[in-house]
Structures are given as structure tokens and as C-alpha cells.
Amino acid sequence: MKPGRGIDHLVLAVRDLDAAAARYERWGFTLTPRGQHPWGTANRLAQFDGCFLELLEIDRPALIGTPPAGGFAFGARVRDYLVRREGLAMVVFEGHDARADHAEFTASGLTVPAPFDFARKARLPDGSEATIGFSLVFVTTPRAPDATIFTCQQHAPQHFWKPDYQRHANGVVAIAEVVMVADRPADWRSHFAAIQGEDSVRAEGGGLEVVTARGRVVVARPDKVATRFGGPVATGPDGTPCFAGMRLRTTRRDVLEAALAASGTGFRRDGDRLVVPPAQAFGCGIEFVTA
């Protein structure tokens, strides 16, 4: 099986960034300083080696734009998502050439707006600022408005990836898996094959497994996902699919477990997993497993 585009980052949409960041810090994550986007959203990141988690809120609603005809407005998509729920709103795969991604996805029959380029200031560990830039290619489908996927090409990675931001007291080192909930997982085979390549997708346990160069995506039925994360699983509008949770790898399970307990977070031990249900993690179920 040939692995497809690796997981670059996960967008965790929250209504209160300060509250979410405080909880992640109590769990032992090191977060970057607050960053702002020109379209009204703000974020803080938990970086690992080559991938990251993005906690994201709308902090300036007046700047949220309206999607152009045939286009995509990031802030508007986050706003609409947060009206319904908090959680894992977007899964992002690594992109090395946004224009090539756009051409490839279009040729595969996907609905793909024009690449979106932007830059912002980033605060570095030494307190200085640098400009970082990105080109994004969004894959949209009305079948899953709450399961947005895009690729991300970085233009100044030397200013983005910093070892000081990648050391976490809880020992978390990687995103291992993303879980998508769908009534009929097999219906999403062609969608992921167009993004990741036919060889990357296979049937697995009544669902789908999508193997990437960094981590994997699992598509499973609601009952299986609810059992896995130990709590009710939300869906998109009219029962459409959405991303329900993630699996993270840690090298310090004992420290992580102590941090979860000390923070008052409800979680359970399940074999070699520590499971935090969606209700305890801003709508996104989390599994922690030993790296």
C-alpha cells in the first residue's frame, strides 16, 4: 500500500480559545503564543515533529467574510461550524505545491476552489516576530459540510517549526489517527482515493482505513465511534459525516495520566489507551496511546 499525503494539522474549533488553551496546558501541552488571521480568527498551536494541533476561535466576528461565488471563506466555515458545535472541524494534509494539488484534485473530479494564499506574523520562542506564509487548497462537498479537508503548503517553514514549541511535558509526540463518523463509510472510498490515491484506501472492520505518510484516517459508523470514545458522537447537519476524534502518541503516559487526573478531566483507561470523551475535550474525542 502506497501512503498518501501525510497529516499536517488538525483544526479544533472552539468558542473560547483561552479556556481551551488553559485546559490543554493543564494536560501538559506547550502552546504557541496567540496568533491572528486577517479574516477574524485566532489560534494557538501544539506543535510536534512535522504536524500540529490548531486550537482556533473567532475573535473578531466583524471580519468574517462571505464566500465568493465558487470560492471558500475560511472564517465563515468556522463560524457556521461553531453555531452547531465545537470539535474537530478540519483535517489538513501536507501540500508541497498548491497549484499541483489543485490540478490533481480537479482532474479527479473533486470540487476545489482556487488555491488560497495568505501570510501572518508569528511570535518566535525568543520573542521576535517573523512572517510565515501558506497556500491552501480546500476540498469541499455538500455531503459533509462539517468535515472540511484541505492541503497546506508552507512558504517559510524555517520560521514556523521550532523545537521549543515541540517539547511537551506530557510526552505527546505525534498525531497517529483521525476518526471520521459516517453512516455508510464505504461511500467515502472514492473521495479519499481522489485525495490520497487509490492504493492508500482499504476496507477495514466495516469501515475504511486511509493510510497516509504521517498517520491515518479511519471512517467508521456512529455506534463504533461512540463506543470507542465513550460518549455521544455528534454529526453534521442532517446527520452528515464529521470528524469525531483523534489519536495522539505519547512517550510519557504516566505523566499524562497524572495531568489529566489533576486537571479534573473525566477519562478512562482502556487497555493501553487513555480515552477523553468529546464532552471533556471541546467536542473532540481523544485517545492517547504509548508511542
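The values are calculated or read from the model by the stated rules, or taken from the named source; none is laboratory data. Worth saying up front: this structure is predicted, and the values here are computed from it rather than measured. Here the Cβ positions follow ideal geometry from the backbone for every residue, glycine too, while neighbour counts run over all protein chains shown.
Quick grid of which residues meet (1) at pLDDT 90 or above; (2) closer than 17 Å to A46 by Cα:
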{"position": "P125", "(1), (2)": "no, yes"}
{"position": "E129", "(1), (2)": "no, no"}
{"position": "V137", "(1), (2)": "yes, no"}
{"position": "A144", "(1), (2)": "yes, no"}
{"position": "P157", "(1), (2)": "yes, yes"}
{"position": "G171", "(1), (2)": "yes, yes"}
{"position": "A182", "(1), (2)": "yes, no"}
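Of all residue pairs spaced 6 or more apart or on separate chains, those with beta-carbon atoms under 9 Å, a first member in region 161-182 that is at positive phi and a second member that is part of a loop (DSSP other than H, G, I, E, B) are G171/G28; G171/T251; G171/R252; G171/A291.
Looking across region 172-209, the residues that are of a type outside the set (A, V, I, L, M, F, W, C) and part of a strand (DSSP E or B) come down to E177, R202, E204, G207, E209. Residues to consider are G40, G71; find the one that is out of contact with any strand residue (DSSP E or B) (no Cβ under 8 Å at 6 or more places or on another chain) and assigned by TED's automatic domain parsing to the domain that holds L110. Of G40, G71, the one residue that is out of contact with any strand residue (DSSP E or B) (no Cβ under 8 Å at 6 or more places or on another chain) and assigned by TED's automatic domain parsing to the domain that holds L110 is G71. Filter region 61-77 down to residues that are in contact (Cβ under 8 Å) with a residue 24 or more places away in the chain and more than 22 Å from H102 (Cα to Cα) and give me whichever is surrounded by the most Cβ atoms within 10 Å (Cβ to Cβ). The residue in question is I64.
Scanning region 149-171 for residues that are touching a Cys at 6+ places or on another chain (Cβ under 8 Å) and either in a loop (DSSP other than H, G, I, E, B) or under 23 Å from R221 (Cα atoms) (or both) turns up nothing. Only residues that are in contact (Cβ under 8 Å) with a residue 40 or more places away in the chain and farther than 24 Å from V178 by Cα were counted in region 40-60, giving 1. A single member of G75, G65 is at pLDDT below 95 and assigned to a loop (DSSP other than H, G, I, E, B), and it is G65. Evaluated against (1) out of contact with any Leu (no Cβ under 9 Å at 6 or more places or on another chain); (2) loosely packed, with under 15 Cβ neighbours inside 10 Å; (3) of a type outside the set (D, E), R202 falls short on exactly one condition, (1).
Selection within region 271-280: residues that are free of Cβ contacts under 8 Å to residues at least 60 places away in the same chain and surrounded by 14 or more Cβ atoms within 10 Å (Cβ to Cβ). The member of this set that is farthest from R15 (Cα to Cα) is R273. Evaluate the following for T235: is it in a loop (DSSP other than H, G, I, E, B) and closer than 30 Å to S108 by Cβ? It is true that T235 is in a loop (DSSP other than H, G, I, E, B) and closer than 30 Å to S108 by Cβ.
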